[in-house]
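A quick write-up on the structure given underneath.
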Amino acid sequence: MMQRLLENNSKVFLIACGDDCEYSNYLVNQHKGYSILKAAENAPEGKAVLDHTYKYLGKGYRDNYNKLMKRCVNIVPSNTDYAMALTDQNKATSIIAAPVVVENIPDEINHDLSVIEIFMGINRGNYWKKGINYFEKALEIVKKKYKSKVNITIAEDLPYTDYITSYKKAHILLDQVLCFDQGYNALQAMLRGKVVFAGAGEPYFKFHNIDKIPVIDATPDVMDIVDKLSELIENPITIIELGKAARKHVIHYHDAVKIARQFEHLYK
């Protein structure tokens, strides 16, 4: 299929938005600090889910990637994690962010702050790669600390449409820890006005060339997560403010029509 595309298009571009040879090599041999590979430190089952990442270091995958890169005009990272891996790649462009269809998606900010609703979805296949274990430990502490002031909902392995519905009343959504950007789950929740815990640290600001984002930076530090949750629970009005700002951020930076125009401009 890829060979046919290469043969029948004069210009070819590669979008970096998932595991591949260059990303896997970066994580294994160059990256400093935490990453999805921390999953291998936690449990035997954590190592098993990383086969998907390590397999791209094999000769067949590497040869295929190199063949594609020879033909591609550019490789375009879709978020911070992939941009970090492509720092030394001379064909890499700046980030063109993940596109989100923003039309007809409602604002679902919950203005009732009498009980703070915290939501976490678990997909067992990504449990270790997303660092859900850190969230689980933090939630145990938060539940004991705040008791009836919080309500914690955990949904596991739901179909996408059911998942979207299940966090409708949530104030706070815990997405993932071992990343430096936001994936689609986080972006969809932000568009609905939720306060999201995901990647939002210094690498994000550097590669997106902006100085702030209405996302709570989730790090693999249980007490740091507890402190950030506590700050929101004890200052609930900030939840509404952050939710509004999160929705505006996605509309401004991720609108699919704007993103399509960026790709069109690059192609031309």
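Structure above, values below:
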quantity: Residue that is most open to solvent (accessible area, probe 1.4 Å) [pool: residues in the range 143-170 that are free of Cβ contacts under 8 Å to residues at least 24 places away in the same chain and of a type in the set (Ser, Thr, Tyr)]; calculated: Tyr160
quantity: Per-region count, the range 231-252, residues closer than 28 Å to Lys147 by Cα, in contact with a Leu (Cβ under 8 Å, 6 or more places away or on another chain) and open to solvent by 60 Å² or more (accessible area, probe 1.4 Å); calculated: 1
quantity: Test: residue in the range 6-24 that is open to solvent by 30 Å² or more (accessible area, probe 1.4 Å), over 19 Å from the mean Cα position of the chain (by Cα) and under 28 Å from Ile251 (Cα atoms); calculated: yes
quantity: Any hit, the range 39-55, residues being surrounded by fewer than 17 Cβ atoms within 10 Å (Cβ to Cβ) and at pLDDT 90 or above; calculated: yes
quantity: Matching residues, the range 104-142, being open to solvent by 90 Å² or more (accessible area, probe 1.4 Å) and either at pLDDT below 95 or more than 22 Å from Ala246 (Cα to Cα) (or both); calculated: Asn104, Arg124, Lys137, Glu140
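The values are calculated or read from the model by the stated rules, or taken from the named source; none is laboratory data. In this text the structure is predicted, and so the values were computed from the model without any measurement. No Cβ is skipped: glycine too gets one built from the backbone with ideal geometry, and neighbour counts run over all protein chains shown. We work out accessible area using only protein heavy atoms, side chains counted, and drop any ligands, DNA or RNA first. Shrake-Rupley method; radii C 1.70, N 1.55, O 1.52, S 1.80 Å.
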